[in-house]
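Okay, structure first, notes after.
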Amino acid sequence: MNADRSAPSSRAAGAAGHRVRVDLRGRTALVTGGTGGMGRVVVTELARAGAHVLTVSRDASRGRHLREQIAREVGADRVQVLTGDLSVRADLHALAERVKAEHPELHLLVNNAGAHYRTRGLSADGVERHVAVNHLAGFTLTYLLQDQLRAAAAAGTGPAHGVAAGGVGARVVDVVSDTVNDTRTLKLGGSPRPVRLDPAQLVDLRRINPAEGFVAFEAYARAKLLTTMCALEFAHRLAADGVAVNCVHPGIVSTGIVDDLVPTWLRPLRPLLHRVLLTPEQGAASTLRLATDPEVTGTGLYCRRSTPAPAPAAVHDPRLRAAAWALSRDWAETP
Ligand SMILES: NC(=O)c1ccc[n+]([C@@H]2O[C@H](COP(=O)([O-])OP(=O)(O)OC[C@H]3O[C@@H](n4cnc5c(N)ncnc54)[C@H](OP(=O)(O)O)[C@@H]3O)[C@@H](O)[C@H]2O)c1
């Protein structure tokens, strides 16, 4: 795809934000978590570059407000907000059905929504909440919308179609977290502590992040690990069809989720902490780059911001990865 001078304005997303360099008119993108810090920037910049952007809100009136705000900002009404709770499987099925019915081609899927919960809780489907929101939501949307992604790639209208190496025509970006490589909340000396995944738990999703020994930050990281594992599996399975699947850790960014992660004793320093973190525009930049930059031609990448980085060993263990993928697929297929 070539940049087009007559394309809708695609100026930078504020200081150090990523400037979408391609004309996305005629393209459809689905971005989860559009009401949040980074998701809102991603939705806005994709819409500014001309894409028709679908996002999801749990609350219809918040969704309407978001749509109106972004329409004012970009000068065009290109955002469609669907209503649903991403932790609920029936809602994921309904969202996917709606997208399929209205958009036979999906060029971009950005699984950005995420959450950190201080205490353990179960989703309506009986799965630990971190697993439901941070892993199964994105997995299910990717799995159920595979044909629409393939169709976009086959039609040759994806964001990087025509780029010499790979010719990738449709893209999935999973926003994960480098907690997969280090679950220490404070990294003051010592060695990184990669998240552990007990293979014995990979037989039933309800066994993952059990009550015994529950540590919220590790539970969050384990869900992100499952996503990273499955992303690589999706990347292998979809490569031949021209669909790229990559993961990104956006950096430590001043958004709502960080407040949930700050240990209680550090709360008084919250305002100071937010000042030294990346802005949502800076955080969203790496997601936007993986989603749209014609120079990104790889698939199956794990990126720390814009740089490919090593993922934990479990991601590269074909048996563990296949088990995680099959378990998630069975969950996603269950009506
Ligand atoms: N901020 C960081 O430092 C950091 C670092 C590494 C990775 N990440 C990842 O970056 C992504 C974006 O997060 P953020 O930092 O922008 O945080 P955020 O501002 O808290 O945004 C999270 C988004 O996810 C949505 N969401 C959460 N649970 C949902 C559910 N059950 N159904 C529908 N939507 C739901 C939220 O919707 P509501 O508005 O309705 O709550 C919100 O739009 C997440 O995947 C996060 O894990 C963030």
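The values are calculated or read from the model by the stated rules, or taken from the named source; none is laboratory data. Fair warning: this is a prediction, and the values are worked out from it, not measured in the lab. Every residue, glycine among them, receives a Cβ derived from its backbone with ideal geometry; neighbour counts consider all protein chains shown.
Which pairs do you get when a residue that is charged (D, E, K, R), found in the range 236-263, comes within reach of a residue that is within 15 Å of the ligand (Cβ to nearest atom), reach meaning Cβ atoms under 8 angstrom, with the pair 6+ apart or on two chains?
So the pair list comes out as Asp259/Arg270; Asp260/Ala115; Asp260/His116; Asp260/Tyr117; Asp260/Arg118.
Assuming Leu106 fulfils every condition listed in (1) part of a helix (DSSP H, G or I); (2) among the hydrophobic types (A, V, I, L, M, F, W, C); (3) more than 25 Å from Phe214 (Cβ to Cβ); (4) touching a helix residue (DSSP H, G or I) at 6+ places or on another chain (Cβ under 8 Å) apart from one, which condition is it?
(1)
Pairs under 8 Å by beta carbon, first residue without any contact (Cβ under 8 Å) to a residue 60 or more places away in the chain and surrounded by 12 or more Cβ atoms within 10 Å (Cβ to Cβ) in the range 177-206, partner among the small types (Gly, Ala, Ser) and not in a loop (DSSP other than H, G, I, E, B), six or more apart or different chains?
So the pair list comes out as Thr179/Ala221; Thr183/Ala221.
Helices (runs of 4 or more DSSP H) wholly in the range 238-335 with at least 2 residues that are hydroxyl-bearing (Ser, Thr, Tyr) and within 20 Å of the chain's Cα centre (by Cα) - which ones?
Fully inside the range 238-335 and qualifying: 280-292.
More than 8 Å from the ligand (Cβ to nearest atom), at pLDDT 95 or above and touching a strand residue (DSSP E or B) at 6+ places or on another chain (Cβ under 7 Å): does that describe Ala235?
Here the answer is yes, as Ala235 does meet what is asked.
Test each condition in (1) within 16 Å of the ligand (Cβ to nearest atom); (2) of a type in the set (D, E, K, R); (3) under 19 Å from the mean Cα position of the chain (by Cα); (4) in a helix (DSSP H, G or I) for Arg98 and report the one that comes out false.
Status for Arg98: all satisfied but (3).
Residue-by-condition table, conditions (1) under 17 Å from Gln201 (Cα atoms); (2) within 12 Å of the ligand (Cβ to nearest atom); (3) over 15 Å from the mean Cα position of the chain (by Cα):
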{"site": "Ala113", "(1), (2), (3)": "no, yes, no"}
{"site": "Gly121", "(1), (2), (3)": "no, yes, yes"}
{"site": "Ala124", "(1), (2), (3)": "no, yes, yes"}
{"site": "Glu128", "(1), (2), (3)": "yes, no, yes"}
{"site": "Ala132", "(1), (2), (3)": "yes, yes, no"}
{"site": "Gly138", "(1), (2), (3)": "no, yes, no"}
{"site": "Gln146", "(1), (2), (3)": "no, no, yes"}
{"site": "Arg150", "(1), (2), (3)": "no, no, yes"}
{"site": "Ala153", "(1), (2), (3)": "no, no, yes"}
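Given (1) in contact (Cβ under 8 Å) with a residue 12 or more places away in the chain; (2) within 9 Å of the ligand (Cβ to nearest atom); (3) farther than 25 Å from Val258 by Cα, identify the lone condition not met by His93.
(2) is the only condition that His93 fails.
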